[in-house]
Structure formats: structure tokens, C-alpha cells
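What follows is a set of notes on a single structure, which appears directly below.
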Amino acid sequence: MFDEFDNVFTDEHLRRFLQGIVESGRAGLFAWHMDKDKFDVVETFTGKKFKHIQTLEEFIQQVVFLIDVELALQDLELFMNGVSQNYESTFRVVDSQGYVKWLLVKGSLMDDNKMTGIMYDVTSRNMKLGHDIKTNLMNNETLMRKLRNSICNAEKKDELGALLNIDIANYHNIINRYGNDFGDSILYNFSRVLL
């Protein structure tokens, strides 16, 4: 599994250390050779093989949970446009058994037009920080990050955008009458209709 990284990590001790981390299921590694359209990834999060992927963008489109793809691609675009020095994104993936996991992906550009990075399983952490545990909807922090990314990308492309605010009539009355769990169920199901 780790052999494809022979040409990326040449120090044997570092290579064995990183292999142990990957095999523990806590982290994954990737290398994107931008000038060669070559993308190598070693991870155990998804349980999938990625033979024909050439770019990080393709990896995101094939692996990331559908409603998180746009934000992950925005994060990549900010990095590619030089707005941020390092690539960093947090998104969900679905493994081969259907379980949803949260990954934090960080990458940086090396001297030889190669981006190397690491992926961390942050499932429990991100459910507390970025999304609501019951509804799995993004919280204010994640929403603001997505808005900032969208505004920055729109400004770079000289595009316009809009923000739509939808209010559920009498939502607070529903919670008062039927409870928070019922209210969370309404939010969750309503969000699925919007997708």
C-alpha cells in the first residue's frame, strides 16, 4: 500500500513512521505532481482504490460527500489562486461500508511543483466544532467560512452572488410545543429537501 510513495519519502525511518500512522487509520498521505497530472494517495478512511485520479480536484469530486464538495473545491481554489499559503479543508467522506467520516486535509506546495499533504480523521472533533451533532447541518462558524470563501472567489473572478435566508414560520412555537428533538428533525428533513 505504501510502495507508491517510495519516490516521495526517501528517508527510511520517516517512511516507516508515516506508514505506521497510515496503517493505524488515523491519517492518510497524498502527493500531487501538478506538472505531471499524477496524484498518489495512501489512506484507509474510504477503503477505496484510486487508480485513475490525476489531480486533487478529481480526488475531491470522487471522494467528498456531495454537499461538502463545493466548499472543499473553494478551499482548493483559494490555495491555487495564492489567497492562502497552504491548502486546508474539512469535509465528509463515505467509506466503502457506508459510514460517514470527517477528514481534515492539509497540504503545501514543494519546490518541484508538487503538493504533499496529510489527512486526519477528525470525525468526533468536527461534529462538535463544525456541524451540529443531531442535525449534521453546518454551524455558524462553518457557514461563515463558506461565505468568506465564496465572496473571495467571486471577487477574484469579478462575479456577483446572492445569499438566500429561509425562515421556517413559527419554528420557535413548534419547539416550545413539541420539543427540541422534533425541531431538529424538522431542520434536518427540510435541509435534505433543499439539496
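Here are a few things to note about the model shown:
- Per-region count, segment 35-76, residues surrounded by fewer than 16 Cβ atoms within 10 Å (Cβ to Cβ), more than 24 Å from residue 100 (Cβ to Cβ) and touching a residue at least 12 places away in the same chain (Cβ under 8 Å): 4
Conditions tested, residue by residue: (1) hydrophobic (A, V, I, L, M, F, W, C); (2) within 17 Å of the chain's Cα centre (by Cα); (3) assigned to a helix (DSSP H, G or I); (4) within 30 Å of residue 156 (Cα to Cα).
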| position | (1), (2), (3), (4) |
| --- | --- |
| 19 | no, no, yes, no |
| 31 | yes, yes, no, yes |
| 58 | no, yes, yes, yes |
| 71 | yes, yes, yes, yes |
| 84 | no, yes, no, yes |
| 93 | yes, yes, no, yes |
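- Test: residue in segment 105-128 that is touching a Gly at 6+ places or on another chain (Cβ under 9 Å) and at pLDDT below 80: no
- Those helices (runs of 4 or more DSSP H) of segment 137-195 in which 2 or more residues are closer than 29 Å to residue 79 by Cα, open to solvent by less than 100 Å² (accessible area, probe 1.4 Å) and of a type in the set (Ser, Thr, Tyr) occupy 140-157.
- Checking every residue in segment 23-30 against the condition of being basic (Lys, Arg), farther than 29 Å from residue 151 by Cα and modelled with pLDDT of 85 or more gives zero matches.
The values are calculated or read from the model by the stated rules, or taken from the named source; none is laboratory data. This is a predicted model, so every value here is computed, not measured. Ideal geometry is used to build each Cβ from the backbone, glycine not excepted, and the neighbour counts take in all protein chains shown. Remember, those area values only see protein heavy atoms, side chains included, never the ligands or the DNA or RNA. Shrake-Rupley method; radii C 1.70, N 1.55, O 1.52, S 1.80 Å.
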